[in-house]
1. Please name all residue pairs, on different chains or six or more residues apart, with Cβ atoms under 8 Å, provided the first residue is in region 103-117 and is more than 12 Å from P127 (Cα to Cα) and the second residue is among the β-branched types (V, I, T) and surrounded by 19 or more Cβ atoms within 10 Å (Cβ to Cβ).
2. Any idea how many residues of region 121-148 are modelled with pLDDT under 90 and open to solvent by 50 Å² or more (accessible area, probe 1.4 Å)?
3. Pick from L57, L49: which is at pLDDT below 65, open to solvent by less than 50 Å² (accessible area, probe 1.4 Å) and either more than 20 Å from P117 (Cβ to Cβ) or part of a helix (DSSP H, G or I) (or both)?
4. Give A95, A169, A108, A151 a once-over and let me know the one that is aliphatic (A, V, I, L, M), surrounded by 14 or more Cβ atoms within 10 Å (Cβ to Cβ), modelled with pLDDT of 90 or more and on the phi < 0 side of the Ramachandran plot.
5. Based on this model, can you work out whether R69 counts as touching a helix residue (DSSP H, G or I) at 6+ places or on another chain (Cβ under 6 Å), modelled with pLDDT under 70 and farther than 21 Å from A166 by Cβ?
Amino acid sequence: VRSRSEVIRKFEEEIVQAGKQEKVAQQYLFDHLWLLDPSWDRVTGSEQLELTLTEHLKRACPDSDEGARLDIAYRTTAGRHIVIELKRPGLHVSANKLEAQGRKYVDALEQYYVEHPDFAGVRNKLPGIDVLLLVDHVPDMNERQHKSFDAYNLKFVTYTGLIGNAKLAYQGYLDVKKQVGRVVAVLEKL
């Protein structure tokens, strides 16, 4: 837990507050996926850094003139597929741009699964896909955008929220350990 607290501190102070480039934050999160969710600490074998799905996007959306490169992608033990898109700390991005990017990732992944139906035991059923957009600030959104974000399972996570939640997840353990340490010290004196 102490080492995880140090990882959280480093991410907050040396990467987010320092406004490091997206690539630095991306690699750090890839190495420590549990920062996004403590249950992801045992993700092994399915995580991928910078997964390129441009050819699948072109088949799914022939009019698209863009590519699709996922910052971080992995599959949960429950079979859901998670895409994590990072925006540089301090950068403000519009809801329209984030929506278009998230939809592009979902379209490309769905096309990939259509072409590879037995991938990860899917067997002709598209898996659930969640896109987490790690941003500095949640942009203002209208009702249509909220509905579209929900329909495509696009969710915002802010750097501040990520750090706060990571601290909360491990602070309870540290508090209990501190209390137990005091009790043990008293018992040892007896």
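1. As it stands, the answer is Y105/V83; Y105/I129; Y105/V131, since those pairs meet every condition given.
2. Going through region 121-148 one residue at a time, the tally reaches 4.
3. Step by step, each of L57, L49 is checked, and only L57 is at pLDDT below 65, open to solvent by less than 50 Å² (accessible area, probe 1.4 Å) and either more than 20 Å from P117 (Cβ to Cβ) or part of a helix (DSSP H, G or I) (or both).
4. A95
5. no
The values are calculated or read from the model by the stated rules, or taken from the named source; none is laboratory data. Since we're looking at a predicted model, the values are computed, not measured. We place every Cβ from the backbone using ideal geometry, glycine too, and count neighbours over all the protein chains shown. These area figures cover heavy atoms from the full protein model, side chains too; ligands, DNA and RNA do not enter into them. Shrake-Rupley method; radii C 1.70, N 1.55, O 1.52, S 1.80 Å.
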